[in-house]
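**Q** The structure that follows is given in the form of structure tokens.
The values are calculated or read from the model by the stated rules, or taken from the named source; none is laboratory data. Everything quoted here is computed from the prediction, not taken from an experiment. Reconstructed Cβ throughout: ideal geometry from the backbone, glycine too, with neighbour counts over all protein chains shown. SASA here: full protein model, heavy atoms, side chains in, ligands and nucleic acids out. Shrake-Rupley method; radii C 1.70, N 1.55, O 1.52, S 1.80 Å.
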Amino acid sequence: LASGASIRPARVALFTLGEALNVLPEAQTDVEDRILGLILTGIAHYDPLIHQTALTVLCRSIFGNPEISQDVRRDCLVRTGKKLLCLLEEPAKDSLTFYNHAAMLNHLYRLIVSCEVGGTELRFPEPRPVAFFPGTFDPFSAGHKEIVRAIHGMGLEVYLAIDEFSWSKRTIPKLLRRKMAAISVADLWDVYLFPDNMPINIASPEDLAALAGKFPGRELYLAAGSDVIFGASAYQTEAPGSARYYNHVIFRRAGAVAADYGCISGHVLELTLPEPLEEISSTRIREAVGANRDI
């Protein structure tokens, strides 16, 4: 209900989630993560009213609720802070959303001040190595989400970069694809959309150097399918600083013969998807939608 298209049930579900977190016994981290993930999904929602409601629940009903212990609220802030920062960077459609952001972030600000005055530090975990995962994601599918989940399971922080267009596909508008991806991964921790105002072309050594410079002191991995490694022009050049000199996370189809990644001089991590998820294809989804069939 919280992530659906019906506004009234979604709002009720979101307020209920906030109350559930309020009465949740301590040391229920998995349940807290599930609740916070659903609320973040609401914040990523395309409907302004659902977005505003979810932000109100997180900031007013959780961060600004004195009935919840400060330790619990602080931990929620540490877990959701970066996700919230990235989600609120997405463009707002109306002025009411802007004022809602201002009012709700005031609760977050008060919590930060309260922690600082009370001598309670906001301790953030050590940053993970970075996986940069570019693609058209037209649309973002359950297969993509499982790949992202698997990359995160390898101990990496994942950044999805939504391509502007594709020479081989008639893609739907980029901002629509970006919104679908944002909603899909809002409940996954350490997974973010790469900023839209920083286009990165992996075929350009200069762009890759700029990308690495945005994560100083951290290992950078490029995520790609095995077909991309052997077919994309970015891997055909041996120019210094080209993609083949970077670490990689490579996903290949289950049952496929192990490939030779000798062209890549960086560290390579390989993963495969379970067979049911292998059958999920963005191309097949587009074809089904175009033919008015059940996807």
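**Q** Of the residues that sit in region 58-103 and are of a type in the set (Asp, Glu) and within 20 Å of residue 115 (Cβ to Cβ), which one is surrounded by the most Cβ atoms within 10 Å (Cβ to Cβ)?
**A** 75
**Q** Which condition from (1) under 23 Å from residue 190 (Cα atoms); (2) not in a helix (DSSP H, G or I) is the one that residue 66 breaks?
**A** (1)
**Q** Could you give every pair whose Cβ atoms fall below 9 Å, whose first residue belongs to region 21-32 and is touching a residue at least 24 places away in the same chain (Cβ under 8 Å), and whose second residue is loosely packed, with under 12 Cβ neighbours inside 10 Å, counting only separations of at least 6 or pairs across chains?
**A** Listed by first residue and then by second, the contacts come to 22/67; 26/69; 26/71.
**Q** Restricting to region 142-200, and then to whatever is β-branched (Val, Ile, Thr) and farther than 23 Å from residue 80 by Cβ, can you tell me which residue is surrounded by the fewest Cβ atoms within 10 Å (Cβ to Cβ)?
**A** Looking at residues that are β-branched (Val, Ile, Thr) and farther than 23 Å from residue 80 by Cβ, I get 172.
**Q** Here is a follow-up. Can you tell me which of (1) open to solvent by less than 60 Å² (accessible area, probe 1.4 Å); (2) in contact with a Ser or Thr (Cβ under 8 Å, 6 or more places away or on another chain); (3) closer than 30 Å to residue 196 by Cα is the one residue 18 doesn't meet?
**A** (3)
**Q** So, one more: Being among the hydrophobic types (A, V, I, L, M, F, W, C), at pLDDT 90 or above and open to solvent by 30 Å² or more (accessible area, probe 1.4 Å): is that true of residue 122 here?
**A** No; evaluated as a whole, the condition is false for this residue.
**Q** Kindly check whether there is at least one residue in region 278-286 that is open to solvent by 70 Å² or more (accessible area, probe 1.4 Å), modelled with pLDDT of 75 or more, farther than 20 Å from residue 200 by Cβ and under 26 Å from the mean Cα position of the chain (by Cα).
**A** yes
**Q** Hand me the list of helices (runs of 4 or more DSSP H) wholly inside region 137-248 holding 1 or more residues that are at pLDDT 90 or above.
**A** The qualifying helices (runs of 4 or more DSSP H) are 142-153, 174-185, 205-213.
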